[in-house]
Amino acid sequence: WLIWLYFSVFFSFFGYFALSISKTVEEALLANRLAYLGCVFLPLFMLMTIMKVCKVKCTTVVRFIFITISSLVFLVVASQGYLSLYYKEVFLVFVNGMAKLQKVYGPLHNLYYIYLFAYFLIMLGVIFYAVLKKKVVSYKHAGLLAVVVLFNIAIWLVEQFINWDFEFLSVSYIACELLLLFLYGMIQDYEAIMQNNQPKTNVTGLPGIEIEALKRKWENVNTLSGREMDV
């Protein structure tokens, strides 16, 4: 899931870059869809990564529901340019030589914000549940995960209330990647130390002579299957 998270950030950033060098509205919309492809599925991969770190199981059915919802939201977002659900109108403007989409939002534009906020709440819920059930390795790890999620929420809220010509969420994506990778490395090191501290027991098989002696003394030896005899 962490690898898929990195892929989603890559697609998102590549979409931003392609949008900035677009020359027509059609090119800009295509680039914008590519950026949203990464942005829409990024919360899903982030949630799955957090669940894995917190050792909270996710059933196949629940995972399928999450993937279906994310796919439906992406279809709504990708309708830009074809339907007026997400954007009613779009215009291509240039700022300092870079292309930018000027948008008139449609009736379902707020769906994406609800989608993001719902995922953030689920992430916090998973972390809180893992702490209550003592599934996390350390409270520090849980705290770091909470910081990652709250940092994204804070950046998202700032973008809603302050009008900037810069995608601050892109900065939070990179920060989340680095923090989650750092946490994953910490947990791997901890598990390796715990495994090395486990007492080791040496198990050796019986010599062939002793095995043959046991066979001769045990009258039910002929009832064993071939695989049982090998064992």
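The values are calculated or read from the model by the stated rules, or taken from the named source; none is laboratory data. Not measured: the values here are computed from a predicted model. With ideal geometry, Cβ positions are generated from the backbone for all residues, glycine too; neighbour counts draw on all protein chains shown. Accessible surface is based on the protein model in full, side chains and every heavy atom, while ligands, DNA and RNA are left aside. Shrake-Rupley method; radii C 1.70, N 1.55, O 1.52, S 1.80 Å.
A few points about this structure:
- Residue-count net charge about Glu210 - beta-carbon cut-off 15 Å; Lys, Arg +1, Asp, Glu -1: +2
- Computed from Cα positions, the angle between helix 25-53 and the longest principal axis of the chain comes to roughly 30 degrees.
- Once the Cα atoms are used to define both axes, helix 109-132 deviates from the longest principal axis of the chain by about 30 degrees.
- FRET E, pair Leu179, Ser20, Förster distance 35 Å, beta-carbon r, rounded to 0.05: 0.85
- Normalised per residue, the accessible area of segment 1-140 is 57 Å², obtained with a 1.4 Å probe and no contribution from ligands, DNA or RNA.
- Extension gain from Arg216 to Leu121, taking 0.36 nm per residue of separation minus the Cα-Cα distance: 27.5 nm
- With Cα atoms, 0 to 90° folded angle of helix 168-196 axis to the chain main axis: 10
- Percent accessible area from carbon and sulfur atoms, segment 1-115, protein chains only, probe 1.4 Å: 73
- Its DSSP H runs of at least 4 residues, each contributing -39,500 (n - 2.57), put the calculated 222 nm mean residue ellipticity of the chain at -23500 deg cm²/dmol, to the nearest 500.
- Distance from the Cα centroid of segment 1-77 to that of segment 91-135 is 11 Å (rounded to whole angstrom).
- Each of Ser70, Ile127, Val231 was placed along the dipole of the chain (beta-carbon charges, centred on the mean Cα), and the one lying farthest toward the positive end is Val231.
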